[in-house]
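S.K.: Got a structure here, written out as structure tokens. Questions coming.
The values are calculated or read from the model by the stated rules, or taken from the named source; none is laboratory data. No experiment lies behind these values; they were computed from the predicted model shown. For neighbour counting, all protein chains shown are included, and Cβ atoms are generated from backbone atoms with ideal geometry for every residue, glycine included. Ligands, DNA and RNA are stripped out before the accessible areas are found, and what is left, the full protein with its side chains, is counted by its heavy atoms. Shrake-Rupley method; radii C 1.70, N 1.55, O 1.52, S 1.80 Å.
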Amino acid sequence: MIFVDDSSIKVSGVILPGLIKSIEVKDDALIEEQTVEGSSIKAKQAEGYEDAKVMIELILEDGPDATKKEKLQKIQNLFKKAGQEKPVVHEIINEHTAARRVKKVIFKSLSSKEESKKEQLTVSLEFW
């Protein structure tokens, strides 16, 4: 289960470390282009909807309980545990995602970025 509120995010019972910088939910229509014989313009036809995407950006800093690298390792273990073969389906609970009717997601990607002369890590989590 993933629980998100204004000050914390809980994934499978574990509160993610760090400061929430942003939460974004993106949902797209699936449009197919078709070539029309004798026309240079391609016709567009609605085919349905793509999976919704939830992007969460966190800032990790060294703290009294853990370093930023230890916090990153905690998130990494939630993304993919040692020996894990497939992503796990999670339930997401958040006012923003509920308004967008997003209830179940998989942890699609995890990226982290460290900038020179900064004492923090930026971590981006993407759920589909």
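S.K.: For segment 1-70, list the strands (runs of 3 or more DSSP E) that sit wholly inside it and hold at least 2 residues that are out of contact with any Ser or Thr (no Cβ under 6 Å at 6 or more places or on another chain) and open to solvent by 60 Å² or more (accessible area, probe 1.4 Å); which are they?
M.R.: Counting at least 2 such residues, we get 19-26, 29-35, 42-49.
S.K.: If I go through segment 48-104 residue by residue, how many of them are more than 16 Å from the chain's Cα centre (by Cα), at pLDDT below 90 and farther than 18 Å from G13 by Cα?
M.R.: Matching residues across segment 48-104 total 2.
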